[in-house]
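Take a look at the structure below.
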Amino acid sequence: MNILNTSEDMRSASRLARRSGKCLGFVPTMGALHEGHLSLVRAARARCDLVAVSIFVNPAQFAPNEDFASYPRDFDRDRELLKKEGVDLLFAPSVPEIYPDAAATWVTVETLANRLCGKSRPGHFRGVVTIVAKLFHIVEPDLAVFGQKDAAQVAIIRRMIRDLKFPVELVVCPIVREADGLAMSSRNAYLTPQERRQALTLYRSLLEVQSVFAGGERDPTKLIGAGKKIISAEPQVRLDYYEIVDPETLEFVTQIGGSALVAVAAFVGTTRLIDNILIQGNP
Ligand code: PAF
């Protein structure tokens with residue numbers, strides 16, 4: 001595995017690798033890798049001759065009161081995991097490499113930036129879209145793989161790729177869950193054993209929405225009510241949002257016809273977790 005720290009070296013390695021007509025798949029990450037990330041790497045591997053992964057904890061997507069400083073970092077462990085997966089190129093730039101002094105250029109998907117997590121984390125998606133655009137310019141992949149776990153991120157990146165005409169195919173992989181259903185997340189490492197149990201409420205609430213939906217309920221307000229009821233039974237879990245939206249536009253849906261995204265975000269102790277499911281009405 002070739003490890004690159006500068007944009008110039010990464011771009012040269014990528015161009016060299018692709019010169020022979022090979023397809024390059026890319027998985028952007030912030031490290032602290034778990035099975036969810038590795039499933040994205042395997043999806044890239046299954047579709048492409050070469051796989052590049054980036055590890056970069058992106059300061060621009062954290063608000064000043066958030067966990068940028070304490071975000072879990074273990075480069076040596078991540079590097080070994082990626083080596084085992086047969087990753088070809090690992091891009092691990094420094095913050096000044098990505099954001100040189102006086103960097104003032106931002107990329108925003110305006111209509112989507114303030115929806116779901118963007119509402120409670122102002123500036124978050126501007127940071128995400130900017131870093132992903134920069135990484136696409138540096139890595140120049142044919143295909144990029146993202147996880148459905150951050151469904152709003154997927155919708156926003158899809159729109160950015162379309163609007164900025166990046167020649168990158170977007171592949172979205174299903175959420176990977178622990179045996180008891182908790183969605184895998186690097187932030188699960190923050191949870192105490194008691195919080196870990198309480199965190200299951202998010203997925204339980206989504207299963208409840210799914211079951212009420214399967215029983216014929218199509219009114220989003222009632223479905224959200226069913227989900228919120230499960231969350232409120234666990235007083236240590238503080239809801240941030242519970243929404244049913246269109247998976248592409250992230251607009252509220254008033255009646256569920258086609259596919260709808262049920263998305264929840266909540267604090268368990270001080271840890272903010274997200275989860276979601278897709279439900280499919282009649283088109
Ligand atoms: O999903 C993530 O881990 C991050 O938001 C990403 C896409 C790597 C950008 O920093």
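Just so it is clear, none of the values below were taken in a lab; they were calculated from the coordinates. Note that the structure is a prediction, hence the values are computed from the model and not measured. Neighbour counts run over all protein chains shown; Cβ positions are idealised from the backbone, glycine included.
As a check on your grasp of the helix formula, calculate [θ] at 222 nm for the chain: sum -39500 (n - 2.57) over DSSP H runs of n ≥ 4, divide by the residue count, round to the nearest 500. Don't skip to the end; give the middle numbers.
Working: 9 runs with 107 residues, N = 283.
Helix-only estimate at 222 nm: -11500 deg cm²/dmol.
Taking a straight line from the alpha carbon of K222, these lysines sit under 26 Å away, with near neighbours fewer than eight places off in the same chain left out: K119, K149.
For the chain, the alpha carbon positions stretch 55, 42, 38 Å along the principal axes, listed from largest to smallest. Would you mind finding the longest exposed-site-free stretch of the chain, with exposed trypsin sites (Lys or Arg not before Pro) meaning DSSP loop and at most 12 other Cβ atoms within 10 Å? For trypsin sites (Lys or Arg not before Pro) (loop position, at most 12 other Cβ atoms within 10 Å), the longest site-free span of the chain is 23-164.
When you restrict to C-alpha pairs under 8 Å that are six or more residues apart and normalise by the size of the range 144-283, the relative contact order lands at 22 percent. Between D49 and D163, full extension at 0.36 nm per residue minus the direct alpha carbon distance yields a gain of 38.3 nm.
Left without a cysteine partner by the 4.7 Å Cβ rule in the chain: C117, C173. For the range 127-234, the spread of Cα coordinates along the three principal axes comes to 47, 37, 23 Å, biggest extent given first. Using 0.36 nm per residue and subtracting the Cα-Cα separation, the extra length available between K83 and D101 on full extension is 3.2 nm. Between R73 and R197, full extension at 0.36 nm per residue minus the direct alpha carbon distance yields a gain of 42.2 nm. Rg/Rh, computed from the Cα trace of the range 30-111 with Rh as the Kirkwood radius, has the value 1.01.
Contact order, relative form, for the chain: 17 percent (alpha carbon pairs under 8 Å, 6 or more residues apart, mean separation divided by residue count).
Of all DSSP bridge pairs formed entirely within the chain, close to 50 percent run antiparallel.
Distance from the alpha carbon centroid of the range 1-52 to that of the range 253-281 works out to 30 angstrom. Per residue, the convex hull spanned by the alpha carbons of the range 78-193 comes to 157 Å³. Kirkwood analysis of the range 64-124, using all unique Cα-Cα pairs, places the hydrodynamic radius at 15.1 Å.
For the range 154-197, the Stokes-Einstein estimate of translational diffusion at 25 °C and a viscosity of 0.890 mPa s comes to 186 µm²/s, using the Kirkwood hydrodynamic radius over alpha-carbon pairs. Largest GNM mean-square fluctuation among P141, P235, P59, using the chain with Cα springs under 10 Å: P235.
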